[in-house]
Ligand code: PLP
């Protein structure tokens with residue numbers, strides 16, 4: 001059996017050995033960070049030290065960061081905060097999101113609709129960038145929040161968050177960005193961006209799952225999602241996940257955006273050239289000027305889910321862009337939003353590379369893919 005090759009770093013990343021070591025050490029800090037005795041104080045110090053490291057990277061104050069359980073939770077908290085304004089304060093509430101958001105935004109606004117919160121979807125152009133004229137035209141007098149992701153998980157397109165945020169600010173509208181895919185892959189400085197809220201997730205940067213972060217410019221703009229004790233400035237009740245928070249600090253210390261970009265861009269260009277050279281009738285959808293690690297490619301005449309299953313059998317770990325819903329396979333909403341026809345949409349695979357990816361792996365993947373595609377097309 002040939003070696004398995006992992007090509008799905010946008011889904012999650014392997015934990016770096018040094019981070020695993022830190023996690024094991026972190027298990028020994030078993031005190032509850034809210035306890036006043038020495039063990040509790042030790043756990044609290046661990047937590048605050050990570051918060052300070054992250055604040056230095058993001059360019060914010062440590063007390064503007066909340067530890068959550070995931071990027072999904074961070075996104076939910078920002079959006080669901082608005083239920084209070086609608087239901088308790090009886091204000092009209094309208095939200096703008098982009099057409100290529102992650103399901104943790106898309107599905108959450110659908111829930112908000114049941115509370116009377118309205119939303120509109122900002123279209124993107126065929127390269128996946130926000131259509132600025134359409135964006136400006138969609139603001140209403142009751143628009144309270146814009147939520148637009150910084151980098152897309154399927155096509156890697158990166159938005160000009162600074163500009164989008166400035167437009168929202170001119171209209172006194174709060175701005176949230178889901179930076180789950182961007183963080184670690186590009187510079188993310190909240191002060192430069194000007195955002196009010198920003199979400200990120202530890203497992204995308206070679207750290208354990210079950211830890212997310214929410215940057216909040218000002219606590220008065222947010223409501224807790226979980227109620228209970230007074231953890232995280234009463235913004236997120238629940239005993240903090242100290243081992244993961246300790247390991248996350250080590251993962252943060254390993255971040256080197258410039259070398260990450262150079263490495264993944266090099267791997268990606270090798271992969272794309274090999275694909276072009278060896279497999280006919282393919283169409284690329286990813287943004288070349290976006291995330292350096294992402295390749296979205298359709299293989300004409302081949303059903304993406306079957307292709308991904310065949311890849312699995314041949315030792316290639318890769319995703320399709322589509323989602324399974326009630327037994328049916330839905331075309332990717334991201335590819336639809338950039339105008340990709342459904343048949344091409346459903347023949348797409350998303351490859352995403354990372355720190356451990358190599359050019360040799362690219363050669364092996366293309367070699368195996370060529371065989372699979374020829375078989376499936378025959
Ligand atoms: N937002 C984006 C853009 C993502 O790609 C993901 C995960 O793939 C999430 C949010 C959810 O993050 P988590 O897995 O930490 O809930």
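The values are calculated or read from the model by the stated rules, or taken from the named source; none is laboratory data. This structure is a prediction, so every number in the text was calculated from the model and none was measured. Counting neighbours? That spans all protein chains shown, and the Cβs are built from the backbone with ideal geometry, glycine included.
With 286, 278 as the choices, which residue is within 18 Å of the chain's Cα centre (by Cα) and under 26 Å from residue 372 (Cα atoms)?
Result of the check over 286, 278: 286.
Table: residues versus (1) touching a residue at least 40 places away in the same chain (Cβ under 8 Å); (2) in contact with a helix residue (DSSP H, G or I) (Cβ under 8 Å, 6 or more places away or on another chain); (3) part of a loop (DSSP other than H, G, I, E, B); (4) within 16 Å of the ligand (Cβ to nearest atom).
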position: 3; (1), (2), (3), (4): yes, yes, yes, no
position: 10; (1), (2), (3), (4): yes, yes, yes, yes
position: 20; (1), (2), (3), (4): yes, yes, no, no
position: 28; (1), (2), (3), (4): no, no, yes, no
position: 42; (1), (2), (3), (4): no, no, no, no
position: 45; (1), (2), (3), (4): no, no, no, no
position: 56; (1), (2), (3), (4): no, no, no, no
position: 76; (1), (2), (3), (4): yes, yes, no, yes
position: 95; (1), (2), (3), (4): yes, yes, no, no
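Being touching a strand residue (DSSP E or B) at 6+ places or on another chain (Cβ under 9 Å) and within 30 Å of residue 304 (Cα to Cα): is that true of residue 182 here?
yes
Can you pull out every residue in region 234-244 that is under 13 Å from residue 31 (Cα atoms) and part of a helix (DSSP H, G or I)?
Selection gives 242, 243.
Based on this model, can you work out whether residue 100 counts as assigned to a loop (DSSP other than H, G, I, E, B), in contact with a helix residue (DSSP H, G or I) (Cβ under 8 Å, 6 or more places away or on another chain), at pLDDT 95 or above and within 16 Å of the ligand (Cβ to nearest atom)?
yes
Looking at residue 50, is it more than 30 Å from residue 142 (Cα to Cα), within 15 Å of the ligand (Cβ to nearest atom) and crowded, with 20+ Cβ neighbours inside 10 Å?
Taking the combined requirement at face value, the residue does not satisfy it.
Only one of 74, 34 is under 19 Å from residue 233 (Cα atoms) and modelled with pLDDT under 95. Can you tell me which? Talk me through it step by step, then tell me what you get.
Values: 74 fails: modelled with pLDDT under 95.
Just one listed residue meets the conditions, 34.
Given (1) within 28 Å of residue 13 (Cα to Cα); (2) exposed (fewer than 15 other Cβ atoms within 10 Å of the Cβ); (3) in contact with a helix residue (DSSP H, G or I) (Cβ under 9 Å, 6 or more places away or on another chain), identify the lone condition not met by residue 256.
So the condition that residue 256 fails would be (3).
Does residue 223 count as at pLDDT 95 or above, outside any helix (DSSP H, G or I), farther than 15 Å from residue 55 by Cα and within 16 Å of the ligand (Cβ to nearest atom)?
Working: at pLDDT 95 or above: yes; outside any helix (DSSP H, G or I): yes; farther than 15 Å from residue 55 by Cα: yes; within 16 Å of the ligand (Cβ to nearest atom): no.
Answer is no for this residue.
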